[in-house]
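> Please read through the structure below; I'll follow up with questions.
What follows draws every value from the coordinates through simple rules; no lab data is involved. Just so it is clear, the model here is predicted, and its values are computed rather than measured. Because the Cβ atoms are built from the backbone with ideal geometry, glycine has one as well, and the counts that use them run over all protein chains shown.
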Amino acid sequence: MKLTIVAGARPNFVKIAPLMRALSQYNEVFNTRLVHTGQHYDKNMSSSFFQELNIPNPDINLEVGSGTHAEQTANIMIKFERELLENRPDLVIVVGDVNSTLACAITAKKLGIKVAHVEAGIRSGDILMPEEINRLVTDSITDYFFTTTVQASEQLKREGHSEKDIYFVGNIMIDTLLYSMQNLKKPDVFSEIGDHSYLTITLHRPSNVDNPEKLEEILNAIADSSKGLLKVFPVHPRTRKILERVNIKSEEFLFIDPLSYLNFIYLVKNSTGIVTDSGGITEEATVLFIPCLTMRNTTERPETVTIGSNYLIGSDLDLLRSKLSDIVNNNWKESGIPDLWDGKTANRIVNILLNSR
Ligand code: UD1
């Protein structure tokens, strides 16, 4: 069975690592080609993930780089079509919800190649998010749906997809998390953190970071209600550009470059709490039982709130202050871990592919 696996952006790399490892157990069955679209290209956004997670070098890098949504999506489609015409697989596997996911799913389907989507069926309900559009379009043309939760499977059925194509396999990001726990690496910033307690901050969504005033308000609200705690902020390149125009009143922020995976999970695991607008981090926080505040109005991962350690703040800064005080005062909810977030998701996917031949 010829497979083409697609990865383009940082969260994709975390999701394909366990899949590549599980597939490599069946080299006599699967002929696998790994395509990197080049959506992310900085060392800390891409190659450090390949090295640390032992992902094989991509068979090809389409080197599309940055651009507007239309430019990036179109460039990926043009180059991925050439790739598929030269190396036609039986199945293309896409993961997550980034522009590479959408572009490669459409390209494959238009060439009559089947598409599998890992992390299918999650929905924020917020159509203004580019990722929500990517999820909806990808799932509308997917043949094999691999879902993280029962709710995601139910969502796909509500959208009219056939039950026989939907496989609840669990959360593949957690495969990588659990596999990596013994190998975490202390980031250099600990020479400054020392024994201090700290919060981990990550913000990169356009709605939070593209307007410098909004970003300033959020950071100053965090500072107000967490005095005495350091705030360690690995800064996404998108946020870095805006940060230069932001006036932060607190001395307690440590702004650092994006971290590699093993560094970042080390940072999260040892933090008092997290403020983020990432979806993947809310899942990792849940499994690590770290209190987490999400600076978004919606989440496509509601189980991180109903079961896990996450709380949805939206843009209400008073709520942010109040919930941060709860974290600082060690007054956080009891939480648990959703079903099948157990480190075995990639094996389940591979077993399904083996049975589908
Ligand atoms: C993308 C995903 C988002 C995901 C995030 C994780 C889409 C629509 N969005 O957002 O869902 O949460 O990745 O990081 O696919 N840049 C660099 N170096 C890089 C990559 C990006 O400097 O290696 C800068 C460029 O200025 C670029 C900007 O970051 O224009 C945004 O990159 P892009 O890939 O368009 O989206 P992300 O914000 O990273």
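> Give the aspartates and glutamates whose C-alpha is closer than 14 Å to that of LYS164, dropping any in the same chain fewer than 8 places away, or say none.
Here the aspartates and glutamates satisfying the reach criterion relative to LYS164 are ASP143, GLU154.
> Projected onto the charge dipole of the stretch 233-338 (+1 at Lys/Arg Cβ, -1 at Asp/Glu Cβ, origin at the Cα centre), which of LEU293, ILE281, ILE248 gives the Cα projection farthest towards the positive end?
The residue sitting farthest along the positive end of the dipole is ILE248.
> Once you list every other residue whose beta carbon is under 10 Å from the beta carbon of HIS117, what net charge do they have if Lys and Arg are +1 and Asp and Glu are -1?
Details: positive: ARG135; negative: ASP97, GLU119, ASP139, ASP143.
Around HIS117, the charge tally is -3.
> Once amide H atoms are placed 1.01 Å from N in the peptide plane, what residues at a sequence separation of 5 or more from VAL29, or on another chain, have their amide H within under 5 Å of its amide H?
Amide H neighbours of VAL29, under 5 Å, 5+ apart: none.
> Follow-up. What does the charge dipole of the stretch 26-102 about its Cα centre add up to, to the nearest 20 debye, if the Cβ of each Lys and Arg holds +1 and the Cβ of each Asp and Glu holds -1?
60
> Sort all Cα-Cα distances of the chain into consecutive 20 angstrom bins from zero, then give the percent of pairs in each bin up to the one containing the longest distance.
Per 20 Å bin, starting at zero, the Cα-Cα P(r) for the chain comes out as 30, 59, 11, 0 percent.
> Can you compute the charge dipole magnitude of the stretch 218-357 about its Cα centre, using +1 on each Lys and Arg Cβ and -1 on each Asp and Glu Cβ, nothing else charged? Give it in debye, rounded to the nearest 20.
I would put it at about 340 debye.
> Can I ask one more? What residue among GLY121, LEU111, LEU184 has its Cα farthest toward the positive end of the dipole of the stretch 91-195, where the charges are +1 on Lys, Arg and -1 on Asp, Glu, each on the Cβ?
LEU111
> If the cut-off is a Cα-Cα distance under 21 Å, which lysines reach LYS43, setting aside same-chain residues fewer than 8 apart in sequence?
By straight Cα distance, LYS43 reaches LYS15, LYS185, LYS186, LYS241.
> Arrange the following residues from fewest to most other Cβ atoms within 10 Å of their Cβ: ILE274, ILE352. Could you put the intermediate results ahead of the total?
On the way: ILE274 25, ILE352 14.
Lowest count first: ILE352, ILE274.
> Mind checking the stretch 155-245 for trypsin sites (Lys or Arg not before Pro) that DSSP puts in a loop (not H, G, I, E or B) and that have at most 13 other Cβ atoms within 10 Å?
LYS227, ARG245
> Excluding residues on the same chain fewer than 8 positions from LYS110, give the lysines whose Cα lies under 16 Å from its Cα.
Once the sequence-local lysines are set aside, what remains near LYS110 is LYS79.
> Give, rounded to the nearest 20 debye, the magnitude of the charge dipole that the stretch 141-193 has about its Cα centre when Lys and Arg contribute +1 at Cβ and Asp and Glu contribute -1 at Cβ. Show your work: numbers first, answer last.
Numbers: 5 positive and 8 negative charges, 23 e Å.
So the magnitude is around 120 debye.
> Also, I was wondering about something else. Please report, in Å, the Rg and the Dmax of the stretch 203-249, where both are computed over Cα atoms only.
10.4, 29
> Given only helices, namely DSSP H runs of n ≥ 4 each adding -39500 (n - 2.57), what is the per-residue ellipticity at 222 nm of the chain, to the nearest 500 deg cm²/dmol?
Numbers: 16 runs with 152 residues, N = 357.
It comes out at -12500 deg cm²/dmol, rounded to the nearest 500.
> Amide H neighbours of LYS231 under 5 Å, counting only residues 5+ apart in sequence or on other chains, H built in-plane at 1.01 Å?
LEU199, PHE253, LEU254
> Please give the contour-minus-distance gain from GLU63 to ASN297: 0.36 nm per residue of separation, less the Cα-Cα distance, rounded to one decimal in nm. Kindly include the intermediate steps, with their values, before the conclusion.
Details: separation 234, 0.36 × 234 = 84.24 nm, distance 3.35 nm.
So the chain would gain 80.9 nm between GLU63 and ASN297.
> From the backbone phi of the stretch 203-215, what are the Karplus-calculated ³J(HN,Hα) couplings (6.51 cos²θ - 1.76 cosθ + 1.60, θ = phi - 60°) in whole Hz, Gly and Pro given as x?
Running phi through 6.51 cos²θ - 1.76 cosθ + 1.60 with θ = phi - 60° gives 9, 9, 6, x, 5, 9, 10, 6, 9, x, 5, 5, 4 Hz.
> Also, I was wondering about something else. Given the stretch 1-80, report the % of alpha carbon pairs whose separation exceeds 20 Å. Let's see the in-between values first.
Details: 1011 of 3160 pairs.
Result for the distance tail: 32 percent.
> Using only Cα atoms, tell me the angle between helix 345-355 and the longest principal axis of the chain; keep it within 0 to 90° and round to the nearest 10.
With rounding to tens, the tilt is 10 degrees.
> Whole-Hz Karplus ³J(HN,Hα) for the stretch 276-288, in order, using 6.51 cos²θ - 1.76 cosθ + 1.60 and θ = phi - 60°, x for Gly and Pro?
Each residue's phi maps through the Karplus curve to give 8, 10, 8, x, x, 5, 5, 6, 5, 4, 4, 5, 8 Hz.
> Same structure again: Taking the alpha-carbon centroid of each part, what is the distance from the stretch 104-142 to the stretch 176-232 in angstrom?
About 31 Å separates the Cα centre of the stretch 104-142 from the one of the stretch 176-232.
> In addition: Please find the FRET efficiency linking LYS2 to SER140, where r is the Cβ-Cβ separation and R0 is fixed at 35 Å, and quote it to the nearest 0.05.
Values: r = 24 Å, r/R0 = 0.69.
With R0 = 35 Å, the Cβ-Cβ based efficiency is 0.90.
> Quick one: which residues, 5+ away or cross-chain, put their amide H under 5 Å from the amide H of ILE60? H built at 1.01 Å from N.
Long-range HN contacts for ILE60: LEU34, HIS36.
> Using 0.36 nm times the number of residues separating ASN211 and PHE255, minus their current alpha carbon distance, what extension gain do you get? It would help to have the intermediate numbers written out before the result.
Values: separation 44, 0.36 × 44 = 15.84 nm, distance 1.83 nm.
Length gained between ASN211 and PHE255: 14.0 nm.
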